[in-house]
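These notes concern the structure reproduced below.
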Amino acid sequence: GGHPVFVGMRSLRAAGSYMIIENLEFNNSRILVHKDRTGDHISIRNLDIHSGPPGQAAAIYPAQGNHIVVYNNYLHDNGDPNGSEQNDFHGVLVDYADGRAGRNIWVVDNHMHGNGGDSVQINSWGQPLEKVVRFVYIGRNIMHAEGENAVDLKSSADVVLSENAMYHFRSS
């Protein structure tokens, strides 16, 4: 309530350095730190992102950015958590592509639920240690009732999970 609303655009693509994205509502949209350019020193905070269709990767996708803080966002009801097929719409996704991996990412004080994939997924696609996503802090989040996992760590290093509440996940 009270935030400017973006409805139905595929993504807000953030490219560049030293920016703050805050106090917005995204209905059927998401935040993508542009994969083709560097994104660094970015704060993504106080957003409400919901109602995205399956297959959009994540509500907030820092991609291969550096020094990014994802803070106090409400990421909910994106994709289909009850679908019979995996649809991988995560709350937050940090990954590796085109020779770059996310570094120094903080995911703190967010509330995530009802998404088709994981609340948070870190995925470097089997890269060697020098290329994996590194230096990630995931703390004080509330994660529940997702289509997959609360936190899914794949090929990553130097990741800290602290003080998260995770509940109502179905067994595999």
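The values are calculated or read from the model by the stated rules, or taken from the named source; none is laboratory data. Note that the structure is a prediction, hence the values are computed from the model and not measured. Note: ideal-geometry Cβ built from the backbone for every residue, glycine included; neighbour counts use all protein chains shown. Just the protein is used for accessible areas: all its heavy atoms, side chains included, with ligands, DNA and RNA removed. Shrake-Rupley method; radii C 1.70, N 1.55, O 1.52, S 1.80 Å.
Would you pick out the residues in the stretch 114-144 that are in contact with a Phe, Trp or Tyr (Cβ under 8 Å, 6 or more places away or on another chain), without any contact (Cβ under 8 Å) to a residue 60 or more places away in the chain and part of a loop (DSSP other than H, G, I, E, B)?
Correct list: Asn115, Gly117, Ser124, Trp125, Gln127, Val132.
Of all the strands (runs of 3 or more DSSP E) wholly in the stretch 1-81, which have at least 2 residues that are open to solvent by 50 Å² or more (accessible area, probe 1.4 Å) and at pLDDT below 80?
Values: elements: 5-7, 12-14, 16-22, 25-27, 31-33, 39-45, 48-50, 58-63, 66-71, 74-76.
So the answer is 5-7.
Run Gly139 past the list (1) surrounded by 16 or more Cβ atoms within 10 Å (Cβ to Cβ); (2) modelled with pLDDT of 95 or more; (3) not hydrophobic (A, V, I, L, M, F, W, C) and report the number of the one that doesn't hold.
Unmet condition: (1).
Any residue in the stretch 127-138 that is among the charged types (D, E, K, R) and under 24 Å from Tyr74 (Cβ atoms)?
Taking the stretch 127-138 and keeping what is among the charged types (D, E, K, R), we get 130-131, 134.
Within this subset, residues satisfying the condition of being under 24 Å from Tyr74 (Cβ atoms) are none.
There is no residue in the stretch 127-138 that is among the charged types (D, E, K, R) and under 24 Å from Tyr74 (Cβ atoms).
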